[in-house]
There are 2 protein chains.
Amino acid sequence: MAPLNEQLQAVRQQIDAADSELVQLLLRRRELVAQVGVIKRAAGQPLYVPEREQQMLQLRRQQAEQAGLSADLIEDVLRRVIRESYQQQQAADVHLQHKKIVVVGGEGALGGLFMRLFVSAGAAVYSLDRNDWDQAETLCADADLLLLAVPITLTVGIIEKLPALPKHCVIADLTSIKGQPLAAMLAKHSGPVVGLHPMFGPQQVTLAKQLVIVCHGRGREQYQWLLDSIVRWGAHIREISAAQHDQAMGFIQVLRHLSTFVYGAHLAEQQVDLAQLVSLSSPIYRLELMMVGRLFAQNPELYADIILSQPHTFTMMNDYLRSFETILSQLQAGNKAAFIAKFAEVKSYFGDFSQRFLEDSQRLLDTAGDAQQIN
Amino acid sequence: MAPLNEQLQAVRQQIDAADSELVQLLLRRRELVAQVGVIKRAAGQPLYVPEREQQMLQLRRQQAEQAGLSADLIEDVLRRVIRESYQQQQAADVHLQHKKIVVVGGEGALGGLFMRLFVSAGAAVYSLDRNDWDQAETLCADADLLLLAVPITLTVGIIEKLPALPKHCVIADLTSIKGQPLAAMLAKHSGPVVGLHPMFGPQQVTLAKQLVIVCHGRGREQYQWLLDSIVRWGAHIREISAAQHDQAMGFIQVLRHLSTFVYGAHLAEQQVDLAQLVSLSSPIYRLELMMVGRLFAQNPELYADIILSQPHTFTMMNDYLRSFETILSQLQAGNKAAFIAKFAEVKSYFGDFSQRFLEDSQRLLDTAGDAQQIN
C-alpha cells in the first residue's frame, strides 16, 4: 500500500477531475438553455414556467433517491443552476415595438432598470427628468405609457405638474406607498391608471421569480399589456387594494426597519466591538447582524421618506413601544410566567408559519454556513 | 424545421439528460469523498481542512472563468456539494477509546448530541440524570470528563451538588452564559475546568464549520484533548473571557431576540393577516418575517432563562427603549434631518461591515429566491 499521504493525494486528484467534469457539464447545459431561450422568444412564451421547473426538480429528486443520493442536495444544486439560466435567457424579447414609453425619473436606478427592460422589448423609450421638463408636452403627446419612477416625496407633485396625456395612455407609478400616488394619478388623468410596487431593488439582473404588487386604478383592459410584459419578463404579480398594501407595508417597511435601525443605533452608542461580535456569532446571529448592518449601506433618504410619508403608522409604533415596555418590566420583575404565557399566545397566532419559518431559515442558514469564512 | 413546441420538447429532453448525468457525477464524487474519509481517519487527520477547500474552489473558479462560465455559480454549487461531503465523512473516528465521560443531562437534546459524538469516538460514555443521581458518586469516581448539559437555571445548583471528582478529571459546561457556571465549577473542583458555548443547536448533523466558544478556567494542558476532539470533529474554537462572552451575548441573545419577540407579539396583538403579509413579501421581507416567526417554534423556557439569568442587561435594554422613543418622537415631529444625521453616525460605526453585510445578505437572498414557492 502507498503511504496514506500519497493515497490521499491520488483520490484528491480524482475529485478534482470530477469537479472539472462538473464545470464542463454546466457549460454544456448552458448551451442547451440558450437554445430554449431562442425557441421561447420565437414562440412568445414566458421565461419562467413554474410547472416545468417543478417537473425538472421532481425527476431529479426521484433519481437521486433511487440512487441513494440526497434529494435535497440535487434540488439545491439545480435551483442554483436554474437561477443562472434565467439570467442568461433574459435576452432581447421584442414584443413592444409599437409602444412609446416615457419614464419620469429614468435616470434613477429603478427607472433605469425599467427603461432597459422596455428598450430590450423594442419599445421607443424616453426619459423625462427635471432637466428636460420643457419637452414634457411633446414627449407625452403620443405616449402609450407614462411611468413614474421618482422619490416618494416628489411623486404627487410631479403627477400634478404633468401635461395632459392622450386618452389611451396608461399612467403608472413605482412608489413604495400606493394610496396617495394612485389617488393623484386618478385625479390627473381620465384614462387607464395603475399603481405598481416592484418588490425588488434596482440591482436585480432579471425579473425572474420577482414580485410586483399591482393596485388597480381604472381601465384594466387598457393596461393589461403592461402586466403581460411584466409576467413575460418572469415576474409574478399580486393584486391588492392600495389601502391594504399601505397597511401591510407599515408593518414591514416601517416598523421592522425602524426597529432594526434603532438596534443598529444602540450598538453604535454602546460602541460594541463589531468585529468581536461577528467572530463570536453562530450562523443565525451572523444573519441577524447582517440584517441590521445592511440597512446602513442603503439610502437614508428613502427610509426617512417611507416612514414620514405614512403618518398613520406612528400610532402603531407607539403601541409597539408600549408593548416593549410592558414585556420588559415584567421580565425585570422576574415574572417568567407572563413571558411564557405571551410566548404561547404569539406562537398560536403564528400557527404553522413558525415551524415553516424555522425550517426555511434553517435551510438558508445551512447555505450561509457553506460560505462561512473561518479565518 | 419542426414546430416550435417540438423543438422545445427535444431540447428539454437533452437538458433532462444532462441533469441525469449531473446526478451520476455527484454519486461518483461521493464515492471518492468516502475514500478520503477512510484515509483521513487512518491518518488521524481532521475532517475539515480550510486550505484544501479554498484550493478546490479556486481551481474551479479559474476553470469556469476561462470557459466563460460564472465563477460564482460553480463556487456556490461546489460549496453545497462539499457540505454534503462533510456530513458523510463524519463516520466513526475512534480516538477517545481510553476516556470515560459522564454527561449530566445526556437525555436532553444538546447533551444527546455530545454523547453521540463521544460514543462515535470510542469513549465510554455515561448519562447522569436526575433519575440516577444515586449513582453519581460511582460514575464520577474514575471519570476523565464531566460535561454539564443542563438548563441554565439548574447549572450552578447541579455543580454544587456534584460528588468529588478525581484530580485529573476535566469539568466543562455547555451553558449559554459563562460567568456564573465557570465560577461555580472553579469553586467546586480544583482540577482542570473549562467553559464551552457551542454556537449551534442540537439539530446539527455534523460539527463541520460550526463554532464553539471556549472560556478558559484552569489547567488548559489537561483539557487540551477535549478541544482537540472538537476541532477534529470539524468545528473551530474561539477563545474569550467569560465576562466578554456574556457582554457580547447580551447584545445578541438578549436584546436582539427580545426585540424580535416584541415585534412578533405586536403582529399578534394587531391580528395582522400573516398569509397576506407573506404573499406581499420580497425575499428580504420574507427573511425578516422568517427571523421573527422561527423564534416562536423554539423553547420559551430557554429564552426566558437566558434573559433572566443576565440581569445586567436590563439597564442596556432600558437605554435601548429610550433611544427608540427619542428617534420615534423626532420622526413624529417630522425631523427628517435628525434621522439622516443618526443614520450617518451609525453607518460610520458599521464601517466596511455594512457593505459586506449587504453583499453577503444579497447572496443569501438570491438563494432564498431560488427556492421561492410562487403559488
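General remarks:
- When we screen A:Asp273, A:Asp246 for residues that are open to solvent by 10 Å² or more (accessible area, probe 1.4 Å) and closer than 30 Å to A:Gly179 by Cα, the only hit is A:Asp246.
- Meets criteria (under 16 Å from B:Gln204 (Cα atoms) and open to solvent by 10 Å² or more (accessible area, probe 1.4 Å)) for B:Gln88: yes
- The residues of the range A:312-335 that are under 29 Å from the mean Cα position of the chain (by Cα) and more than 9 Å from chain B (Cβ to nearest Cβ), listed by number, are A:His312, A:Thr313, A:Thr315.
- Qualifying residue in the range A:177-197 (condition: crowded, with 21+ Cβ neighbours inside 10 Å and modelled with pLDDT under 95): yes
- Test: B:Val205 is surrounded by fewer than 23 Cβ atoms within 10 Å (Cβ to Cβ) and under 24 Å from A:Gln276 (Cβ atoms): no
- Residue that is nearest to A:Ser241 (Cα to Cα), among those in the range A:215-226 that are in contact with a helix residue (DSSP H, G or I) (Cβ under 8 Å, 6 or more places away or on another chain) and crowded, with 22+ Cβ neighbours inside 10 Å: A:Cys215
- If you go through the range A:203-243 and keep only what is among the polar types (S, T, N, Q) and over 28 Å from A:Glu288 (Cα atoms), you end up with A:Gln222, A:Gln224, A:Ser229, A:Ser241.
- For the range B:91-103, the criterion of being at the interface with chain A (Cβ under 7 Å from one of its Cβ atoms) and within 21 Å of the chain's Cα centre (by Cα) is satisfied by no residue at all.
- Residues being hydrophobic (A, V, I, L, M, F, W, C) and open to solvent by 20 Å² or more (accessible area, probe 1.4 Å) - total across the range A:160-176: 2
- Qualifying positions in the range B:33-55 - aliphatic (A, V, I, L, M), facing chain A (nearest Cβ under 7 Å) and open to solvent by 20 Å² or more (accessible area, probe 1.4 Å): B:Ala42, B:Ala43
- Helices (runs of 4 or more DSSP H) fully within the range B:168-269 counting 1 or more residues that are in contact (Cβ under 8 Å) with a residue 24 or more places away in the chain, in contact with a Leu (Cβ under 9 Å, 6 or more places away or on another chain) and polar (S, T, N, Q): B:220-232, B:257-269
- Sole exception among (1) closer than 21 Å to B:Gln210 by Cα; (2) at pLDDT 95 or above for B:Leu146, by number: (1)
- Within the range B:252-267, tally of residues that are within 7 Å of chain A (Cβ to nearest Cβ) and either within 17 Å of the chain's Cα centre (by Cα) or under 27 Å from B:Arg83 (Cα atoms) (or both): 2
- A:Gln58 over 24 Å from B:Ala64 (Cβ atoms), in a helix (DSSP H, G or I) and under 28 Å from the mean Cα position of the chain (by Cα): yes
- The listed residue being within 25 Å of the chain's Cα centre (by Cα), of a type in the set (A, V, I, L, M, F, W, C) and part of a loop (DSSP other than H, G, I, E, B), out of B:Val125, B:Val119, B:Val150, B:Val156: B:Val150
- If the condition is being open to solvent by less than 30 Å² (accessible area, probe 1.4 Å) and more than 7 Å from chain B (Cβ to nearest Cβ), then the range A:19-32 contributes no residue at all.
- B:Ala187 vs. criteria small (Gly, Ala, Ser) and over 19 Å from B:Val104 (Cα atoms): no
- No other residue among A:Gln87, A:Gln135 is within 14 Å of chain B (Cβ to nearest Cβ), part of a helix (DSSP H, G or I) and of a type in the set (S, T, N, Q) apart from A:Gln87.
The values are calculated or read from the model by the stated rules, or taken from the named source; none is laboratory data. Predicted model, so just to flag it, every value in this text is computed and none were measured. So basically every Cβ, Gly included, is an ideal-geometry build from the backbone, and we count neighbours across all protein chains shown. The area values use the complete protein model at the heavy-atom level, side chains included, leaving out ligands, DNA and RNA. Shrake-Rupley method; radii C 1.70, N 1.55, O 1.52, S 1.80 Å.
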